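What follows is a single structure, written as structure tokens, with notes after it.
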Amino acid sequence: MEETKQLRLTLYMPPRTRCRRTGKRVAIVQSHHTISKYFRHTTISTLPDVVLLEIFSHYRAARVGSWPRSQSWWYKLVHVCRRWRQLVFASPLRLNLQLSCTFGVRVPDMINHSPPFPIVLDYGPRRLETWTAEDKDGFLFALQYLQRASEIVLSAPESILRMLTAGIVDEAPRLEHLSLHSQTAELVLPKQFLDGGAPQLRVLTLTGVSLATLHPLLPSATSLKTLALERIPSPAYFSPDCLVSHIRTMVQLETLSISFLSTVPRPGFMNERFLPWGPLTRVELPALTQLIYRGVSAYVEALLMRIRTPLIEDVEITLFYQLTLGLPRTGAFLSQLETFRPSRARIDFSEVSTHVIVSAPQPTNSPDITLSVSCAQLDFQVSGMAQICNGLPGALLPVEDLTLGFHEGKMPEEWRDSVDPALWRALLTRFRRVGTLRVHVALAGDLERALRPQTDGAGGPLIEQGLDVLLPDLHTLVLLHGSDKHALTAASDALSGFVEERGHGGHPVKVELQDLSRLWKRTRP
């Protein structure tokens, strides 16, 4: 008869004595009967089933989500003893038991010799594995049990992915998560893809995949909550009207993410109108809370004209750089958000992009708005941010707290003195109500040149000619610095003249310091 391994939970500490030979203190080992005379030993075999299940549930919570093969957490438990195996197999719903099919697993053997639990096909990009003939055969064998599949994650070159997806045509009543990632060329899904239906599908992620053959996209997926169309190549471009036709029936959709690879669409696409003539009927997405977009400004402008999102909480828009960045319809869309009450803004610059985040103090129901521009030159970044901020309605930027951040810590040499002060002034003019300005020390020199009072040829001020004072309500200037004390000293010296001039003019500005390195140490996990 199979016996459970004994696990003692006794808190008894045996007496210790000193060894005559070594002089070290060692424990005195007493007999089991002597210890049991005063202390009752408890082994795990005496625990009732309800307690064991609770222990198994905590074990699952600690293992699921860890990488790799987190869904196989229960395999070791069923090999401890017969009682544990019977207890685990009798509680498949509570323990959420699933069979994990992935690289290197003998899928036919596992499915044929296991109970009919739900199946997870995890061949995703995070595993960094190379497909073998056995892996392909195992995946195709698992597709014979598509009705039991709860999650499918596939990442492969286009040729392999096309062969594997050709078998995903039957009904998948349990499927909740589907992710397809083409590693090479654009993948065109077969017309019969999931033709049998996937009514329980919650998350759909398509990376490098064309929607040309699907009209509409998976009509049976009425329970979809997350739709992510990522890294869309030029040949797979689709119009805003096409996108809206796909999502108009997804009334439970909560997250929509659209990401294009290039500013150049497919041939003939430019003949299609982004913004049609006359009034346009807008499609309501009643459950949408998050919208993520990456591409050209004209596309997102056309998209936002076509949808209504009464419950939106998070908007993230990243634009490819263009000489002219106008977002009038985006501004109109944001101004219609009834709960949007921003009071602070943060503009961050880095070597590859810049973004502005407009938000309210947390916790709040006000949405967070992030607008980004992808470009590598600081002057282009400042120009792009100035165009975006000046194109937004005045009601969107009544912020009182503004942060100018810099992600790289140290300004590249080619960026120094590369920005025309007029670009900085064009950006800061939009924030007239700012009382607290936080500035990274790397940007202090550029900011000082922008804040310096402008004069005419004779040295007189230009205020009377119509040029307003920047940041008239400013009362606190916070220098954001790291461990480089030299950079902090240079920034303080650069802005000292501005602070003195404000004081002489009857508008004193208090200077404070904030050490980002200490802040990072306090907040890191």
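Please treat every number below as a calculation from the coordinates, not as lab data. Please read these numbers as outputs of a predicted model, since none were measured by experiment. Don't worry about glycine lacking a Cβ; one is built from the backbone with ideal geometry, like all the others, and counts go over all protein chains shown.
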What percent do you get for the relative contact order of region 120-166 when only Cα pairs under 8 Å and 6+ apart count?
-> 59 percent
Given the Cα-Cα distance of R308 and E338 and 0.36 nm per residue of separation, how much length would full extension add, in nm?
-> 9.6 nm
Derived scalar couplings ³J(HN,Hα) [region 106-117; Karplus, 6.51 cos²θ - 1.76 cosθ + 1.60; whole Hz; x for Gly, Pro] = 7, 4, x, 5, 5, 5, 5, 10, 10, x, x, 7
Go through 429-435, 99-105 and give me the packing order, highest mean Cβ count within 10 Å leading.
-> 99-105, 429-435
The long-range amide H neighbours of F349, using H built 1.01 Å from N in the peptide plane and a cut-off of under 5 Å, are G405, F406, H407
